[in-house]
Each structure stands twice: as structure tokens, then as C-alpha cells.
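Student: Have a look at the structure that comes next, please.
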Amino acid sequence: MAKEKTVLLPTQERIMSIIGENIKFARLRRDLSTEQVSERAGIARSTLVKVEKGDYGVSIGIYLKVLFVLGLENDLKNIASDDVLGRRLQDAKLVTKNRASKK
């Protein structure tokens with residue numbers, strides 16, 4: 001059975017590209033080489049290059065390892081933490097109990 005290739009929408013590709021670019025800039029600001037980061041993360045240098053390009057085929061665990069080396073692992077905790085739409089949807093489903101007025 002042939003493995004089906006995942007296709008991202010252009011918007012999703014741009015988001016991944018920005019994430020990769022941000023990781024690359026964080027590495028460069030720390031004056032770390034690709035060899036240093038890949039060795040510390042326990043991954044191949046070619047995998048780090050894919051991360052820095054925003055390759056969606058790289059597992060999120062690898063992204064976490066790289067972020068850990070850069071001291072940015074807590075950034076992943078912020079994903080979906082401020083879910084404004086989700087909270088509004090949840091609030092809309094809350095049922096308020098109608099009580100009779102006090103006489």
C-alpha cells in the first residue's frame with residue numbers, strides 16, 4: 001500500500017515556513033551552528049535543516065527537542081492557550097437556569 005502524501009493549504013505552508021524561520025533566527029541569535037544544535041538535540045543536521053524550513057513532515061517531538069536546546073520549549077505551551085473562539089462557543093452552550101421571582 002502506497003503512503004499518501006499530506007498536502008497543506010498555502011496558508012498552512014506559510015505558517016510552517018514562519019515557524020521554521022523563527023527557529024532559525026533564534027539559533028542564529030544564540031550564535032549556535034546547525035551542527036551544535038543538531039548534536040545537542042540528538043538529531044541529524046539534515047533534520048534540523050528541515051525544521052528550519054518548516055517541513056511539516058518532521059514530528060512535533062523533533063521541533064520540541066530543537067526548541068529545548070534553544071531554551072524555548074515553553075513556547076509550545078502557548079499553542080491554543082488563548083482560544084477566544086472556543087471560549088465563546090463554550091459560553092454560548094452554557095444554560096442559565098430560570099428561577100421564579102421571589103414574592
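Student: Filter the range 6-39 down to the residues that are of a type in the set (Lys, Arg) and assigned to a helix (DSSP H, G or I), then identify the one that is nearest to residue 56 (Cα to Cα).
Tutor: Residue satisfying both the conditions and the ranking: 14.
Student: Find all pairs meeting these conditions: Cβ atoms under 9 angstrom apart; at least six residues apart or on different chains; first residue within the range 67-94 and farther than 27 Å from residue 36 by Cα and among the small types (Gly, Ala, Ser); second residue open to solvent by 60 Å² or more (accessible area, probe 1.4 Å) and not in a helix (DSSP H, G or I).
Tutor: Listed by first residue and then by second, the contacts come to 86/80.
Student: Could you pull out the residue among 38, 17 that is modelled with pLDDT of 95 or more, in contact with a Lys or Arg (Cβ under 6 Å, 6 or more places away or on another chain) and either open to solvent by less than 50 Å² (accessible area, probe 1.4 Å) or under 17 Å from residue 79 (Cα atoms) (or both)?
Tutor: 38
Student: Out of the range 58-85, which residues are of a type outside the set (A, V, I, L, M), modelled with pLDDT under 95 and part of a loop (DSSP other than H, G, I, E, B)?
Tutor: Within the range 58-85, 81, 82, 83 qualify.
Student: Something else: Please go through the range 20-35 and pick out each residue that is open to solvent by 70 Å² or more (accessible area, probe 1.4 Å) and touching a residue at least 40 places away in the same chain (Cβ under 8 Å).
Tutor: Answer for the range 20-35, where residues must be open to solvent by 70 Å² or more (accessible area, probe 1.4 Å) and touching a residue at least 40 places away in the same chain (Cβ under 8 Å): just 30.
Student: While we're on this one: So for the range 91-103 (the condition being over 14 Å from the mean Cα position of the chain (by Cα) and at pLDDT 95 or above), does at least one residue qualify?
Tutor: No, the range 91-103 has no match at all.
Student: Could you say whether any residue in the range 48-66 is in contact with a Ser or Thr (Cβ under 9 Å, 6 or more places away or on another chain), free of Cβ contacts under 8 Å to residues at least 24 places away in the same chain and open to solvent by 80 Å² or more (accessible area, probe 1.4 Å)?
Tutor: Checking the range 48-66: not a single residue is in contact with a Ser or Thr (Cβ under 9 Å, 6 or more places away or on another chain), free of Cβ contacts under 8 Å to residues at least 24 places away in the same chain and open to solvent by 80 Å² or more (accessible area, probe 1.4 Å).
Student: Hey, among the residues in the range 1-14 that are without any contact (Cβ under 8 Å) to a residue 12 or more places away in the chain and among the β-branched types (Val, Ile, Thr), which one's least open to solvent (accessible area, probe 1.4 Å)?
Tutor: Restricting to residues being without any contact (Cβ under 8 Å) to a residue 12 or more places away in the chain and among the β-branched types (Val, Ile, Thr), the top hit is 11.
The values are calculated or read from the model by the stated rules, or taken from the named source; none is laboratory data. In this text the structure is predicted, and so the values were computed from the model without any measurement. Ideal geometry is used to build each Cβ from the backbone, glycine not excepted, and the neighbour counts take in all protein chains shown. Just so you know, the surface numbers come from the protein's heavy atoms only, side chains and all, with ligands and any DNA or RNA stripped out. Shrake-Rupley method; radii C 1.70, N 1.55, O 1.52, S 1.80 Å.
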